[in-house]
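The values are calculated or read from the model by the stated rules, or taken from the named source; none is laboratory data. The structure displayed is predicted, hence computed values, not measured ones. Here Cβ is always computed from backbone atoms with ideal geometry, including for glycine, and neighbour counts include all displayed protein chains. All accessible areas refer to the heavy atoms of the entire protein, side chains included, with ligands and DNA or RNA removed. Shrake-Rupley method; radii C 1.70, N 1.55, O 1.52, S 1.80 Å.
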Number of protein chains: 2
Amino acid sequence: MVRKSETSGRLDDAARAGWLYYVAGRTQDEIASSMGISRQSAQRLVSLAVAERLIKVRLDHPIAACLELADAVRKKFSLKHVEVVPSDPGSSSTTVGIAEAAAAEIERWLKRPDPIVLAVGTGRTLKAAVDQLPAIECPNHRIVSLTGNIAPDGSAAYYNVIFSMADAVKARHFPMPLPVLVTSAEERETLHGQQLVRSTLEISAQADVTFVGIGELGIDGPLCVDGFLEKDEMMELMRNGAVGEICGWVFDGEGKLLDNPINERVASASIPSRESSTVIGIGKGKRKFKAIKAAVMGHQINALITDEDTAEYLLKA
Amino acid sequence: MVRKSETSGRLDDAARAGWLYYVAGRTQDEIASSMGISRQSAQRLVSLAVAERLIKVRLDHPIAACLELADAVRKKFSLKHVEVVPSDPGSSSTTVGIAEAAAAEIERWLKRPDPIVLAVGTGRTLKAAVDQLPAIECPNHRIVSLTGNIAPDGSAAYYNVIFSMADAVKARHFPMPLPVLVTSAEERETLHGQQLVRSTLEISAQADVTFVGIGELGIDGPLCVDGFLEKDEMMELMRNGAVGEICGWVFDGEGKLLDNPINERVASASIPSRESSTVIGIGKGKRKFKAIKAAVMGHQINALITDEDTAEYLLKA
DNA sequence: TTTGCTCATGGGCAATTACTCACCTTCAGG
DNA sequence: CCTGAAGGTGAGTAATTGCCCATGAGCAAA
């Protein structure tokens with residue numbers, strides 16, 4: 001304490017101050033008087049100890065690993081927000097965990113006092129999330145669907161989540177009275193020109209936050225299973241490099257939307273701006289690995305809710 | 001996540017808040033808004049995480065003064081290893097600081113790749129140290145208790161640390177199904193002859209490293225407070241020159257085990273060899289000064305974790 | 001000796017955090 | 001159905017901390 005100018009002495013002091021502060025739990029004032037320096041100097045020593053990484057903080061809880069993964073993924077892909085839930089090794093479900101997390105995130109947005117536009121896509125995961133929502137009243141908000149609600153056979157599409165959402169959430173909601181895929185680009189233009197559709201599209205473009213499922217391709221993927229695409233169309237798509245889809249918009253391994261006849265027939269609204277709004281993708285599981293990776297690489301989404309296994313894949317890949 | 005009342009969910013939230021606060025360095029306001037709760041609730045979660053010991057802080061820096069003291073003490077008493085942590089002038093705690101240091105030392109031993117036998121004694125300080133341990137998996141190691149786990153009233157003794165240790169450390173552990181003191185030397189022989197006890201005793205004799213608390217005597221000392229000895233027995237002991245105890249083994253001012261009826265009734269295993277293994281005593285504080293000095297003088301231990309004040313006392317005395 | 005630079009210091013102040021209090025829900029037991 | 005305990009909540013407030021700034025010491029180059 002007599003000599004101050006040696007650098008090592010200063011680090012020693014920093015260590016001592018840091019110890020008193022973090023381990024012993026004293027205030028900076030107490031440290032200052034016990035070391036015979038001013039409070040400000042004590043503060044500097046404490047922050048020096050932190051800056052020099054003399055102080056190591058550890059959190060002993062399974063959730064810590066998830067948070068670290070989330071942070072790493074967020075940084076690697078420059079995402080706005082990433083949430084990672086623990087993987088459940090015993091379950092093959094593609095929704096358990098992330099559905100609850102997504103529901104919590106939806107709830108947080110809906111509880112905001114200022115009016116927002118919340119857009120939703122489609123998919124089983126998103127449906128599961130919406131099913132977790134409690135009853136909420138939020139007359140200020142608007143909820144809009146990006147995708148059509150008409151299945152290939154003309155019935156109401158089951159996985160159009162906006163209706164499930166309307167059950168729980170009291171807000172104005174805007175479905176999209178269209179099929180998911182139409183027969184041609186021209187038909188899409190015509191339909192999108194209708195007044196009702198056009199106003200819904202305009203609302204969707206203003207979305208503050210968007211929740212979308214991320215679908216894998218393949219003959220077991222949702223586009224085939226739900227009958228939107230025939231098996232041979234799917235094979236053709238995959239030959240062209242397609243690996244995943246969001247709201248029917250098909251993209252390749254780098255997350256670029258494909259320039260092909262299928263995408264020309266997608267009647268969904270465009271995915272809202274990733275520059276000016278938050279677009280949260282939801283998905284996990286081995287079959288979706290490539291699709292999720294492509295979606296984050298190509299910035300089709302700028303936020304992600306997934307599980308540990310998937311997050312680890314994203315970091316390794 | 002819709003329902004919040006689950007206790008485990010609350011701890012998860014605490015962990016999350018603690019991580020965001022200490023690891024990610026966010027403010028409580030940011031945490032509050034990102035978790036959708038009020039700032040006060042965020043603050044509560046953070047302090048809950050601290051209170052539940054989810055957050056562990058460690059300081060990685062050899063403070064010069066402490067190092068010098070440690071070296072001097074090590075030489076003076078021919079010890080294998082001495083660790084000195086800064087004293088906290090304002091605190092009367094007998095564990096703060098050394099508990100963290102002891103936990104770090106235990107962790108270092110447990111992280112060794114080669115299989116070891118780690119023995120533990122008893123005491124509040126050791127308990128506090130073990131409570132600082134993170135979760136570790138080390139199936140190669142064995143952990144054995146030197147002292148019985150049965151209190152005078154027949155219940156499980158609280159300060160038998162091996163059970164706390166088993167919570168954090170995944171390793172085979174061997175408790176000692178005995179009281180600390182039995183009624184006579186003969187009873188001890190009988191009990192020690194039991195197969196279960198004998199094998200535990202054999203393991204303890206092979207210990208590579210042992211961690212023991214150092215207890216002071218007196219009517220406020222642990223032996224009396226925990227009901228192992230009556231006040232008059234204690235007075236008698238002290239009249240005979242006893243100054244401290246380790247695992248119940250009572251020794252005099254020079255660290256020699258007393259040849260008296262009490263030590264004949266101690267059911268603990270013998271302290272493992274100070275020739276062939278490392279026996280680390282943990283303790284600090286004025287009330288323990290004489291006991292610690294006696295323990296190092298008599299080589300009841302061959303390594304010590306203590307604080308500056310105690311180290312200075314040991315050098316002067 | 002002067003000049004110019006770096007760096008630690010303490011004061012002051014705004015931001016952040018901890019604590020207390022009154023109230024509100026939940027739930028077990030009468 | 002009421003009641004009281006336990007535990008959670010937000011508001012308000014006091015305590016603590018982080019940061020900017022002007023100052024001055026130390027030191028090397030001019």
Test: residue in segment B:137-158 that is farther than 21 Å from B:V225 by Cα and assigned to a loop (DSSP other than H, G, I, E, B): no
Scope segment A:20-36; condition closer than 17 Å to B:A51 by Cα, at pLDDT 85 or above and within 9 Å of DNA strand D (Cβ to nearest atom); matching residues: A:Y21
Matching entry among B:E254, B:E275 (being out of contact with any Asp or Glu (no Cβ under 9 Å at 6 or more places or on another chain) and free of Cβ contacts under 8 Å to residues at least 24 places away in the same chain): B:E275
Output for segment B:277-315, where each listed residue is more than 16 Å from B:G123 (Cα to Cα), open to solvent by less than 30 Å² (accessible area, probe 1.4 Å) and among the hydrophobic types (A, V, I, L, M, F, W, C): B:A294, B:V296, B:A303, B:A311, B:L314
Cross-chain or 6+ apart pairs with Cβ under 6 Å, segment A:164-182 first and assigned to a strand (DSSP E or B), then open to solvent by 50 Å² or more (accessible area, probe 1.4 Å) and modelled with pLDDT under 85: A:K170/A:E137; A:P179/A:I150
Some residue of segment A:186-197 being open to solvent by less than 20 Å² (accessible area, probe 1.4 Å), assigned to a loop (DSSP other than H, G, I, E, B) and either farther than 20 Å from A:I280 by Cα or in contact with a strand residue (DSSP E or B) (Cβ under 9 Å, 6 or more places away or on another chain) (or both): no
Test: residue in segment A:76-83 that is farther than 25 Å from A:Q132 by Cα, within 12 Å of chain B (Cβ to nearest Cβ) and at pLDDT 85 or above: no
Evaluation of A:P86 against (1) out of contact with any Pro (no Cβ under 7 Å at 6 or more places or on another chain); (2) more than 16 Å from DNA strand D (Cβ to nearest atom) (one fails), failing number: (1)
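Which helices (runs of 4 or more DSSP H) sit wholly inside segment A:16-102 and have at least 2 residues that are over 27 Å from A:G221 (Cα atoms) and within 16 Å of DNA strand C (Cβ to nearest atom)? If you could, list the steps in order and put the result at the bottom.
Values: elements: A:28-35, A:39-51, A:62-76.
Hits in segment A:16-102: A:28-35, A:39-51.
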Answer residue from segment A:16-58, given it is β-branched (V, I, T) and over 16 Å from B:H61 (Cβ atoms) and is most open to solvent (accessible area, probe 1.4 Å) among those: A:T27
Pairs where the first residue, in segment A:40-58, is of a type outside the set (A, V, I, L, M) and the second is open to solvent by 80 Å² or more (accessible area, probe 1.4 Å) and part of a helix (DSSP H, G or I), C-beta under 6 Å, 6+ apart: none
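Among the residues in segment A:18-29, are any of a type in the set (D, E, K, R) and on the phi > 0 side of the Ramachandran plot? Outline the logic, then answer.
Applying the first criterion (of a type in the set (D, E, K, R)) to segment A:18-29 yields A:26, A:29.
Narrowing the set further to residues that are on the phi > 0 side of the Ramachandran plot leaves none.
The answer is no; no qualifying residue exists.
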Residue check, B:V73 open to solvent by less than 50 Å² (accessible area, probe 1.4 Å) and at the interface with chain A (Cβ under 8 Å from one of its Cβ atoms): no
